[in-house]
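Trainee: One structure coming up, written as structure tokens, with questions to follow.
What follows draws every value from the coordinates through simple rules; no lab data is involved. Remember, it's a predicted structure, so these values are computed and weren't measured experimentally. Methodologically, a virtual Cβ is constructed for each residue, glycine included, from the backbone with ideal geometry; neighbour enumeration extends over all protein chains shown.
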Amino acid sequence: MKKVLVIFFIMFSISVANADTFYKLVGYKCNKISNSITISYLGAYNEAGEEMMKNKGPQQWDPWELIATMKDEDHIGSLKTIKRNCILNDGTYTITIGPSPGSLNIQGACGGWIRAWAEVKRDSKVILPQYYFEAWCSDTQTPVTTAITIKAGKNKPIIKTIPWDEFYK
């Protein structure tokens, strides 16, 4: 009888487990009024993340959208980058945004994780070398970059970071 009660208790006390899903968006704004470019990296869990994705703009991408092809159901084949131009007072800026999956094997270590990077050139001069918005998947100590602002006439980007645990809260 005790076994039956234990099994009954276990069966009816188990609640449905919901996995948390974290969403990310990378994008940019070319602001000719302020004569600047801002590249953003946003993240949110569950419903807030779904809402963020639903309301994303035409210059924002989910890093997972930047996977061009799959080799098979478990392996990434190729990646794509986004290249856009922004004309400010001091020249034409080329913004390149790309993905960086944790592993080409999406079932492997860090395979279900992806980050993004950006690079900015003014004419042919590199203003922002390829810059990763966050460290590797297991690094929870390095802050996450949430915004990079480049102002016309300046060669040094303004980089805004927050602690990893604030980004992933």
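Trainee: Set the Förster distance to 35 Å, then compute FRET efficiency between ASP74 and ILE158 from the Cβ-Cβ distance, nearest 0.05.
Mentor: E between ASP74 and ILE158, to the nearest 0.05, is 0.30.
Trainee: Any idea what angle helix 2-13 forms with the longest principal axis of the chain, computed on alpha-carbon atoms, 0 to 90 degrees, nearest 10?
Mentor: Once rounded, the angle reads 30 degrees.
Trainee: OK, next. Work out from phi, with θ = phi - 60° and the Karplus expression 6.51 cos²θ - 1.76 cosθ + 1.60, the ³J(HN,Hα) of each residue of region 145-156, listed in order in whole Hz, and give x for Gly and Pro.
Mentor: Once θ is set to phi - 60°, the couplings for region 145-156 become 7, 9, 7, 10, 10, 10, 9, 4, x, 10, 9, 10 Hz.
Trainee: Let me ask you something else. Along the positive direction of the dipole of the chain (beta-carbon charges: Lys, Arg +1; Asp, Glu -1; about the Cα centre), which of LEU88, TYR41, MET52 reaches farthest?
Mentor: Checked the options; the winner is LEU88.
Trainee: Viscosity 1.002 mPa s, temperature 20 °C: what is the translational diffusion coefficient of region 53-147 from Stokes-Einstein with a Kirkwood Rh over Cα pairs, rounded to a whole number of µm²/s?
Mentor: D = 145 µm²/s.
Trainee: Here's a follow-up. Ignoring everything except DSSP H segments at least 4 long, calculate the 222 nm mean residue ellipticity for the chain; use -39,500 (n - 2.57) per segment, divide by total residues, nearest 500.
Mentor: Calculated mean residue ellipticity at 222 nm is -4000 deg cm²/dmol.
Trainee: What length, rounded to one decimal in nm, is gained on full extension from THR21 through to LEU104, with 0.36 nm per residue of separation minus their alpha-carbon distance?
Mentor: Full extension from THR21 to LEU104 adds 27.9 nm.
Trainee: Most fluctuating residue of THR145, THR38, THR69 in a GNM of the chain with Cα springs under 10 Å: which is it?
Mentor: Its mean-square fluctuation being the largest, the pick is THR69.
Trainee: Pairs of alpha-carbon atoms within less than 8 angstrom and 6+ residues apart define the contacts here; what relative contact order does region 63-169 have, in percent?
Mentor: Computed over region 63-169, the figure is 17 percent.
Trainee: While we're on this one: Which net charge results when you count Lys and Arg as +1 and Asp and Glu as -1 among the other residues whose beta-carbon is under 12 Å from that of ILE127?
Mentor: +3
Trainee: How long are the semi-axes of the equivalent ellipsoid of the chain, defined as square roots of 5 times the Cα gyration tensor eigenvalues? Whole Å, largest first.
Mentor: Ellipsoid semi-axes (Å, largest first): 40, 18, 14.
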